[in-house]
Amino acid sequence: MNYMIKRVIAYFNFGKRLLWWLIHFWRFKKLGKLSYFDNPIRITSSYMSCGKNVYAYKYCRFEGIASYNKKKFTPKIIFEDNVSFQQNLHLTCANSIFIGKNTAIAANVTITDIHHPYENLEIPIELQDIHVSSVYIGEDCKIYNNAVILPGTIIGKHCTIGANSVVCGVYPDYCVIAGAPSRIVKQYDFELSKWIKMESNKLK
């Protein structure tokens, strides 16, 4: 009986995702089969290109910013196959955000390629012209809860981002990245065939 119930639920979920895809695929720049966004707060789908089986849980924000203070932008939001997002993602893009295949994003994560300058004391921060710099997140990564990925960040393949990290900079493949500000705490050594602890981004 339990097996039958599980099969019914699986068929129901498959049907729900397929129906959603059939209704919405034309709104996106590209939407791979069985990709599914579960009731996001805000989504600007015309700037998004998604591979197959991309999934986003409830209350996510995917927003491309095409203009700010009369300046025009051409946002590109690209997710490869099997990228997943848990609840409350905050993603804003005016330039380019790329996330590679099989990368999983946990709850309450922020990813943005936009910086709000503060230097001009005569203009409120929110009213100053934004600065933008692309974000690249490689394939097979895992980003844990409450992490913040800032403009200009490049994260390599098979990296783990620790919970509550504030990430800005360039990080190579096969790293564990944590902290605020973040740093590399482990990196895989192929000669030794094991993960090596780091101190101040240098091997111990």
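What follows is calculated from the coordinates using simple rules that are stated; it is not laboratory data. None of the values given here were measured: they were computed from a predicted structure. Glycine gets a Cβ as well: all are built from the backbone with ideal geometry, and neighbour counts include every protein chain shown.
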Open item on the list: Suppose only helical runs count, i.e. DSSP H with n ≥ 4. What mean residue ellipticity at 222 nm does that imply for the chain under -39500 (n - 2.57) per run, divided by all residues and rounded to the nearest 500 deg cm²/dmol?
Closed with: -4000 deg cm²/dmol
Open item on the list: If you average the C-alpha positions of the stretch 72-125 and of the stretch 127-181 separately, how far apart do those two centres end up, in angstrom?
Closed with: 10 Å
Task: Average projected area [Cα convex hull, the stretch 60-126], square nanometres - done: 5.2 nm²
Task: Prolate/oblate/rounded label for the chain (Cα gyration tensor, a/c 1.5) - done: oblate
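So, R0 is 35 Å and r is the distance between the beta-carbons of Glu122 and Ile41; what FRET efficiency does that work out to, to 0.05?
0.60
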Open item on the list: So for the chain, averaging the separation of alpha carbon pairs under 8 Å that are six or more residues apart and normalising by length, what relative contact order in percent results?
Closed with: 11 percent
Task: Overall Cα dimensions of the stretch 96-152 - principal axes, largest extent first, Å - done: 45, 20, 12
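I need the calculated FRET efficiency for the pair Trp26 and Lys157, taking r as the beta carbon distance and R₀ as 35 Å, to the nearest 0.05.
Numbers: r = 32 Å, r/R0 = 0.93.
With a Förster radius of 35 Å, E is 0.60.
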Task: Eligible aspartates and glutamates near Lys58 by straight Cα distance, threshold 18 Å, same-chain separation 8 or greater - done: Asp38
Open item on the list: Limiting things to C-alpha atoms, what are the Rg and the maximum Cα-Cα separation (Dmax) for the stretch 121-204, in angstroms?
Closed with: 15.2, 56
- [ ] Measure up Lys76/Lys197; Lys70/Lys142; Lys76/Lys157; Lys16/Lys70 against 32 Å on the Cα-Cα distance and list the ones that go over.
- [x] Lys76/Lys197; Lys70/Lys142; Lys16/Lys70
Task: Order of Leu18, Leu150 under a 10 Å beta carbon neighbour criterion, fewest first - done: Leu18, Leu150
Open item on the list: With the crude spin-label approximation of a point 7 Å out along Cα→Cβ, what separation in nm comes out for Lys58 versus His131?
Closed with: 3.9 nm
Task: Contour minus Cα-Cα distance for Ala104 and Asn13 (0.36 nm per residue) - done: 30.8 nm
